[in-house]
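Every number in this text was worked out from the coordinates using simple rules, so none of it is lab data. Predicted model, so just to flag it, every value in this text is computed and none were measured. Cβ atoms come from the backbone with ideal geometry, glycine included; neighbour counts cover every protein chain shown.
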Amino acid sequence: MPSFSSVGTFKIFIGNLADKTANGDIKPLFEKYGKVVECDVVKNYGFVHMENEEAGRNAIQNLNGHMVHGQPIKCEAAKSRKGPNTPTTKIFVGNLTDNTKAPQVRELFAKYGTVVECDIVRNYGFVHLEATGDVNDAIKELNGQMVDGQPMKVQISTSRVRQRPGMGDPEQCYRCGRGGHWSKECPKGGMGGGPDRNGFRDRMFGRDPYPPPPPPPFLRDRLMGGGRFGDYESYYDRRGFEDTRDLYERRFSGMTGPRDMGSSMRGLDFPMPPLPPSRDPMPPMPPLGMGSMRDSGFSRGNEYGMFSRRSPPPSGNNGRFSRGMYEDFSRDSFEERREGLLLGMGNPLLDISATVDEDFLKKYDLKPNNAILAEEKHKPLYDELIEQYHADFIAGGSVQNSMRVAQWFLEKPNITIYMGCVGKDKYSKILEERARSSGINVRYHYTDKETTGTCAVLITGKERSLCANLAAANCFCPSHIEEPENKKLIDSADYFYISGFFLTVSPETIQIIAKHAFEKNKLFTMNLSAPFLCELFKKPMRAALPYVDILFGNETEADAFAKANDFQTTDRKEIALKISRMEKINDKRKRIVIITQGEGPVILARDNTVTEFPAEKLPAEKVIDTNGAGDAFVGGFLAQLIQGQSIEVCIKCGIWAATQIIQKSGCTYEGKPNFAP
């Protein structure tokens, strides 16, 4: 049972702390969710006493897995040292998706008895069920049950550590469950001791306490394809796998083939697969003393060298990659989508969406298909929507929506990072929970000066009018990106996306990020976002534009930009070309401009030429909500861009994403994307 002190406080255990973690690092995190009565860090773990259980449970839900000094902390309700009085059975649950949460699993097991503890570790976890419960029935009925689209594996745990819930013996190491050493000296941390930086897996004690993670998606799909759990004999069968990628080829310049590895390949349990006949031959080693490596046949322009982290595109160039500067950002393979690759920055808002009539718009001086910032006269409309209309609450904000859609395509959590400012209230908790469940690494800046920003989404037929009350979003401070953890994330990111709406909040922050991208030759992308920004915030927009590598906008925004900058033309193709030719600081690649036009073709201005891509026109009855179309387009585009796809494929994916989103209310989606270039 959870521990309560004599004064009724709720006690929380915190584990997996870095050596340098102190009370000052932990206490402010928990104070966001309620009053902290006491906070005590003891080496690699500690305890926090919250004023009441509700605040404690809320803190656990939001902070479990939160990064502190580069390590995800463990948060759970503290147990007494002796553990629960009733015996429990430890059950292993596996084959979980990245989105599966402990409360979901706990609820499934609750009908079979008291769930003393439920803990999810990556794609698997453990449930401690009271032995008096129907353990056998739980395993029998839940084994194979679909959870988030995948059959869950359930069986009695064979792990020898932590057979009881909670910390167990206080003299035991929290990492391995053995005594005689502190957690930071645990031999399971690797050679020579120290914290386990790479998870819980090694063979120091002869066995791995946890089973291996599930196979990658393309193998898992076949594994589960036949019978209840698939044909296990076909696990290594590559027949029928239609992916054109050569999974055995890394394309690192100068790498020797298997035939050259000699004795290093002996003793394996399986032979190396034969090289496919279609593979391009490896280039010869350059002669020594004949100039630098960049002058040899290994060089692919300024970005590719012998020891480049990125692989050159295939020499055959089948259209998937091109030799343009933007394709130089391709990764070595699709599976090397690392965490923190794309960082977005904008205004996190809670959308309050309702269907209204034209009289409502006139009452508040609003226009259909427009976006404005709320003035004093607009403030009452938010309460009116909630009280008199059936309003829906949707996690929103332009950039946050785009990051969510990108994560939908990437199918791997934390590839995207999102920063913005919110208040310390229930709305910010909703926003963060929704964003994290979508796979985004949320790094909100919290303020107590304002409430979390809201945006009225006023629906009149097929048209939308947006009225945003930024509130806390206006309070974003440049100091937030200077915090060590956030600065580290910015240094690690290779791609940046910022909305034009952020120009109204912190132009200084935009300049810092833009200059960082320029100095490190990273990709900086931006969106015009709204017509009024082109007119009223022309100066900060023009200050940011020289750093922009890719600029997005829709037809009304492009028209407004042309008018504000005296282009003296209404031809959108010419407008896109003129924007692409404007001053650009990074001359290593020319600016790309992309203008969407609703049902009209998407305009691409690149290398002084214009190309159009047809948008898919849906029957009117299928169009539900066009509000998130632009955000979805950018999300689909960026998801392909950071995987090294061509600009053409990126645009097609953006069109596909927007087409899916407008068939649902809000910027929402379901299932797995089946986009095919």
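Annotations
- Residues in region 400-422 reached by a label modelled at Glu51 [backbone nitrogen below 20 Å; 7 Å Cα→Cβ]: none
- Approximating the spin labels as points 7 Å out from Cα along Cα→Cβ, the Lys488-to-Thr611 distance works out to 4.0 nm.
- Listed residue pairs exceeding 24 Å between alpha carbons, taken from Lys27/Lys520; Lys74/Lys101; Lys379/Lys622: Lys27/Lys520; Lys379/Lys622
- Cβ-Cβ distance of Met67 and Lys672, R₀ of 35 Å, FRET efficiency by 1/(1 + (r/R0)^6): the value works out to about 0.80.
- Sequence-separation-based contact order of region 515-665, relative, with Cα cut under 8 Å and 6+ spacing, percent: 17 percent
- Modelled spin-label separation between Thr570 and Lys27, with each label point placed 7 Å from Cα along the Cα-to-Cβ direction: 6.5 nm.
- Cut-off 15 Å (backbone N to label point 7 Å along Cα→Cβ of Ser437), residues of region 634-677: 667-671
- Cross-link partners of Lys522 among lysines (Cα-Cα below 28 Å; sequence separation of 8 or more within a chain): Lys412, Lys487, Lys488, Lys538, Lys539, Lys573, Lys578, Lys584, Lys588, Lys590, Lys652
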